[in-house]
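Encoded as structure tokens, the structure appears first; notes follow it.
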Amino acid sequence: MKMFLLISALFVASVVIPPSPVRAEQKPEMIAEKMAVKFTRGIANTLTSILEFPKQIVLTTREMGGAGLLVGPLKGAGMTVYRGIVGVAEAVFFMVPQPGYYDPMIDPPYVWQGWEPKGDTSKAISGEK
């Protein structure tokens, strides 16, 4: 009877207690480096967020043609505010390993990245139909 109770208790414990995830602990130097990158990325995005305005005008005009001159400033204003808020959040919460593991909260991580055309824009640039 004691053996049955012992086996039952072990079975219940193995079902009820969740397994702990096995993770390799990172060195403190790597964690500090990732925090520093997140902090500087946040400061850079806060200070350069205004560059989203001309960037979105160029990208939207490249993608949509002449209509991009109307839509681009609206997207630029929205992205300027968004990148600024994300930059402040990353700078303030640089010690928190979210999202992911100190991953960027916005894509592309910096305003000076992502100027490449998304598709074939040669027709829109040259004015062909």
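Any residue in the stretch 91-102 that is in contact with a Phe, Trp or Tyr (Cβ under 6 Å, 6 or more places away or on another chain) and either modelled with pLDDT under 90 or not in a helix (DSSP H, G or I) (or both)?
yes
For the stretch 9-61: of the residues being of a type in the set (D, E) and assigned to a helix (DSSP H, G or I), which is modelled with the highest pLDDT?
Filtering the stretch 9-61 down to residues of a type in the set (D, E) leaves 25, 29, 33, 52.
Retained after the next criterion (residues that are assigned to a helix (DSSP H, G or I)): 29, 33, 52.
Values: E29: 79, E33: 92, E52: 95.
Per the criteria, the residue is E52.
Are there any pairs with C-beta distances below 8 angstrom linking a residue in the stretch 105-128 that is of a type in the set (A, V, I, L, M, F, W, C) and assigned to a loop (DSSP other than H, G, I, E, B) to a residue that is surrounded by fewer than 12 Cβ atoms within 10 Å (Cβ to Cβ) and at pLDDT 60 or above, with the two at least 6 apart or on different chains, and if so which?
Sorted first by the residue in the stretch 105-128, then by its partner, the pairs are M105/P99.
Pairs please, first residue from the stretch 54-68 and farther than 18 Å from W112 by Cα, second anywhere and modelled with pLDDT under 95, Cβ atoms under 6 Å, 6+ apart in sequence or on different chains.
Close Cβ pairs (under 6 Å, with a partner that is modelled with pLDDT under 95) amount to G65/A124; G68/T60; G68/T61.
Taking the stretch 69-104 only, how many residues are touching a residue at least 60 places away in the same chain (Cβ under 8 Å) and crowded, with 17+ Cβ neighbours inside 10 Å?
Of the residues in the stretch 69-104, 2 are touching a residue at least 60 places away in the same chain (Cβ under 8 Å) and crowded, with 17+ Cβ neighbours inside 10 Å.
The values are calculated or read from the model by the stated rules, or taken from the named source; none is laboratory data. As the structure is a computational prediction, the values presented were derived from the model and not from experiment. Because the Cβ atoms are built from the backbone with ideal geometry, glycine has one as well, and the counts that use them run over all protein chains shown.
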